[in-house]
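To start, the structure itself, in structure tokens.
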Amino acid sequence: MTLRFYTHPIYLEHLTPEGHPERPDRLRAIEKALEHEVFAGLERVEAPEGDPDTILYAHPQSHLDRIHAAIPEEGIARVDADTAVSPKSWQAALTALGAANAAVDDVFEGRADNVFVAARPPGHHAEKDRAMGFCLFNNAAIAARHAQRKHGAERVAVIDWDVHHGNGTQDIFWDDASVLYCSTHQMPLYPGTGAKHETGAGTIVNAPLSPGDGSAAFREAFRTRVLKSLDEFAPDLIVISAGFDAHHRDPLAEINLTEDDFDWATGELMERAGRFCDDRLVSLLEGGYDLQGLAVSVATHIRRMMKG
Ligand SMILES: [Zn+2]
């Protein structure tokens, strides 16, 4: 398997207030874990800055304008109770979606079988017209639409195992049956959406977990809801909203997964990518706030993608 890994130093310059869980050290912890010799063969690529017009694949111009206008000349400004921007946040956000789109180009143009993007800010809480939950633009949604518009993908699946429900991705694809959105997440928990009965055009599949659930409940939900829907949908591309905050060490939630669960889920999605998508799999970092839990989980996820 050819795996590409995208990141960029600009992601470290998207600053959040002191004590905020979504912080630059998250990416530093991932980089450190990837210094191990087993990752020597990883093809590292500097993330390109994205085309702002691709933001309009998932958001109206008014949202783009509002975020652009909120960027401060110095210090930190808030666009939402939880969501902050600093002077370099615009460039970081453009480079986050730029990497997601470049990853899609890579898998459709044969430069890689699969790609992992270690970017900040994350994206899955960003709704059509609303930044929230540490997210400005919905990187996964933009990448899915980019695959459809530029590469002729008919059906794209976005699989979201972040411990929080991806309300933004659900909002963007609510009436779009060409995109399957499947999420496992803790409920109740921020942002409050993600009940089983929220099905949109029939291609939204929510598999909520209860506080205290661990490996068995996650794998059961993933198998019976997510993988079953994926097999019926037969996508042309799989995009993973890869949050690692369902790890038992994470301070923001009460789901008790280990890195072995992410290894298993990665393997299951790779098997479907091989069966339906000519291996095309793009994984985008979302949450994960315990540095040790995040680093070991990302390393495990990437190792599985390298091994095939
Ligand atoms: Zn999360």
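For the ranges 257-269, 92-104, what's the packing order if you count other beta-carbon atoms within 10 Å of each residue, average per peptide, and put the highest first? Write down the numbers at each step before the final one.
Values: 257-269: 20.2, 92-104: 27.5.
Per-residue Cβ counts within 10 Å, averaged per peptide and sorted highest first, yield 92-104, 257-269.
State the antiparallel share, in %, of DSSP beta bridges confined to region 3-307, rounding to the nearest 5. Before the final figure, lay out each step's value.
Working: 4 of 39 bridges.
About 10 percent, rounded to the nearest 5.
Which residue, 92, 224, 21, has the largest displacement toward the positive end of the dipole of region 3-307 when charges sit on each Cβ (Lys, Arg +1; Asp, Glu -1)?
Of the options given, the answer is 224.
So, for region 219-260, what is the accessible surface per residue at a probe of 1.4 Å, expressed in square angstrom? Please report the intermediate quantities before stating the final value.
On the way: 1590 Å² over 42 residues.
Per residue, region 219-260 has 38 Å² of solvent-accessible surface.
Find out how many positive minus negative residues lie around residue 115, taking Lys and Arg as positive, Asp and Glu as negative, among other residues whose Cβ is under 13 Å from that of residue 115.
Numbers: positive: 4, 44, 111, 280; negative: 43, 105, 106, 109, 113, 279.
Spelling it out: positives minus negatives among the neighbours equals -2.
Run the dipole for region 3-307 about the Cα centre, Lys and Arg Cβ at +1, Asp and Glu Cβ at -1, nothing else charged, and hand back the magnitude in debye, nearest 20. Intermediate results must be reported in sequence, preceding the final value.
Working: 29 positive and 48 negative charges, 57 e Å.
Value, rounded to 20: 280 debye.
In whole percent, how big is the carbon plus sulfur part of the accessible area of region 3-307, probe 1.4 Å, protein atoms only?
Numbers: 5200 of 11060 Å².
The computed percentage sits at 47.
At 0.36 nm per residue, minus the direct Cα-Cα distance, what do residue 109 and residue 154 gain on full extension? Give it in nm, one decimal, please. The partial results should precede the final answer.
Values: separation 45, 0.36 × 45 = 16.20 nm, distance 1.62 nm.
This chain segment gains 14.6 nm when fully extended.
Which entries in 32/128; 196/307; 150/228 show an alpha-carbon gap greater than 32 Å?
Numbers: 32/128 35 Å; 196/307 34 Å; 150/228 28 Å.
Where the Cα-Cα span goes over 32 Å, the pairs concerned are 32/128; 196/307.
Leaving ligands, DNA and RNA out of it, work out the accessible area of residue 175 with a 1.4 Å probe and give it in Å² to the nearest 10.
Spelled out: residue 175, probe radius 1.4 Å, area about 120 Å².
The values are calculated or read from the model by the stated rules, or taken from the named source; none is laboratory data. Since the structure is predicted, the reported quantities are computational estimates derived from the model, not experimental observations. So basically every Cβ, Gly included, is an ideal-geometry build from the backbone, and we count neighbours across all protein chains shown. Remember, those area values only see protein heavy atoms, side chains included, never the ligands or the DNA or RNA. Shrake-Rupley method; radii C 1.70, N 1.55, O 1.52, S 1.80 Å.
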